[in-house]
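As structure tokens, the structure follows; a few thoughts come after it.
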Amino acid sequence: MWGGRLASLLKVPRQLSGSSRHRSPWLPRDRRTVLAAAARWHHTAPESLKCAWQLHGDHLELRYANTLMRFDFVWLRDHCRSASCYNAKTNQRSLDTASVDLGIKPKAVRVDETTLFLTWPDGHVTRYGLEWLVKNSYEGQKQQVMHPRILWNAEIYRQAQVPSVDCRSFLETDEGLKEFLQNFLLYGIAFVENVTPTKEDTEILAERISLIRETIYGRMWYFTSDFSRGDTAYTKLALDRHTDTTYFQEPCGIQVFHCLKHEGTGGRTLLVDGFYAAEQVLRQAPDQFELLSKVPLKHEYVENVGGCHNHMIGVGPVLNVYPWNNELYLIRYNNYDRAVINTVPYDVVHRWYAAHRTLTAELRRPENELWVKLKPGKALFIDNWRVLHGREAFTGYRQLCGCYLTRDDVLNTARLLGLQA
């Protein structure tokens, strides 16, 4: 999905491209010519092309399962899974990487139908399963996504009829917890119903999947329109779509909302899939997507209200991608908290504004807006790295409670239940 422009983003030199795979750019031209002429494909069976390999001056080239892979010799020695190099009980490396000779080359190479065997100059033998190499090679990773997702606008989400999970099932069964987490991972939002509308019960709910992240707002917080904090959120005004804590170096991963009471009108919650909007930008204006993923910006939060004195600054691009496959993993979008743009030269800033306008237009399309009325007993979990939230203005007394969760712990819980996260 996100990998179409990887080559241009990484700016791979021509000598490393597939058309020049027989040349090693780190050797003199005459030696490269000799090595290229000497290189031959070796097959696991005379008439089979399922697996074939070539040994080059500084790397091994392996073709398997329709994937052409290149492995640096030091990498191949460093990742050895033998008992003396890797502790299978702790899943930790035992080999001292710094002790590996940077000029190391295998003394012998053999490949059968399932395994690569490398014999090193000291006689040590390294074995790799071919499937493991496909999964863990750079070329293999480029073809995979880290986090499978379903991108949505309002209609897609409604048609999916994603069910809420009952509170008791969520708290007491692995099946209910797994269903909740699967919904959350795929859509970036998930609901739990029939929650007792108290801060204490909401805290128990949150702790089912993660440690609660304590921030400048505390651990669990009550949220009213008393302007007790120096933030527009603590008013009755409408809030445009945004992600929270963009002014943290690491924005909070998950946000929990539970409306405990509302005696008045309005106050619906707005949800927008930021990744869906960014995907439209990637398709329509890939150069602008690239710019939004590269230009670093400051976000800032300053408050001096009552006993609260804080000055937070977070730095990062609006779109954050994994560089090997261009997969988006975090959107940092908050027009309220974006600081002075002084990290961008004048000849780039105008193009950045144009790109920001394109993304904002996508985020503000009515068809991308999912409006939800929060009510007592229904808790909402939001992936703050993906889904933007906002609200319409409201009247009367409205009280919410909630918290931030540590992203690592949520993903850890999902993996322990067998989900890809």
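The values are calculated or read from the model by the stated rules, or taken from the named source; none is laboratory data. All figures in this text were calculated on a predicted structure; none of them were measured in a lab. Positions of Cβ are backbone-derived with ideal geometry, glycine not excepted, and every protein chain shown enters the neighbour counts. For the accessible areas, the whole protein counts, side chains as well, though only heavy atoms, and no ligand, DNA or RNA atoms are used. Shrake-Rupley method; radii C 1.70, N 1.55, O 1.52, S 1.80 Å.
Brief remarks on what is shown
- Scope region 226-240; condition open to solvent by 30 Å² or more (accessible area, probe 1.4 Å) and either modelled with pLDDT under 70 or not acidic (D, E) (or both); matching residues: D226, F227, S228, D231, T232, K236, L237, A238
- Some residue of region 296-303 being over 30 Å from R398 (Cα atoms), assigned by the TED database to the domain that holds R241 and crowded, with 20+ Cβ neighbours inside 10 Å: yes
- Selected residue (criterion: nearest to the chain's Cα centre (by Cα)) from residues of region 102-132 that are touching a residue at least 60 places away in the same chain (Cβ under 8 Å) and more than 16 Å from H56 (Cβ to Cβ): E131
- Of all residues in region 105-126, those being within 13 Å of L76 (Cβ to Cβ), of a type in the set (K, R) and surrounded by 14 or more Cβ atoms within 10 Å (Cβ to Cβ) number 1.
- Of the criteria (1) open to solvent by less than 30 Å² (accessible area, probe 1.4 Å); (2) closer than 30 Å to L359 by Cβ, which one Q161 fails: (1)
- Condition check for F223: aromatic (F, W, Y), surrounded by 15 or more Cβ atoms within 10 Å (Cβ to Cβ), touching a residue at least 40 places away in the same chain (Cβ under 8 Å) and in contact with a Cys (Cβ under 7 Å, 6 or more places away or on another chain): yes
- Subset of region 356-382 that is in contact with a helix residue (DSSP H, G or I) (Cβ under 7 Å, 6 or more places away or on another chain) and either assigned to a loop (DSSP other than H, G, I, E, B) or among the acidic types (D, E) (or both) - its residue that is nearest to H262 (Cα to Cα): E369
- Some residue of region 346-354 being open to solvent by less than 50 Å² (accessible area, probe 1.4 Å), under 18 Å from W385 (Cα atoms) and at pLDDT 95 or above: no
- Scanning region 203-218 for residues that are under 25 Å from the mean Cα position of the chain (by Cα) and of a type in the set (D, E), we see that the one that is surrounded by the fewest Cβ atoms within 10 Å (Cβ to Cβ) is E214.
- Reported count of residues in region 127-151, each being farther than 14 Å from H79 by Cα, polar (S, T, N, Q) and part of a loop (DSSP other than H, G, I, E, B), is 2.
- Against the list (1) crowded, with 16+ Cβ neighbours inside 10 Å; (2) more than 15 Å from L60 (Cβ to Cβ), the condition S99 fails is (1).
- Residues of region 252-286 classified as open to solvent by 30 Å² or more (accessible area, probe 1.4 Å) and either without any contact (Cβ under 8 Å) to a residue 40 or more places away in the chain or in contact with a Ser or Thr (Cβ under 6 Å, 6 or more places away or on another chain) (or both), total: 3
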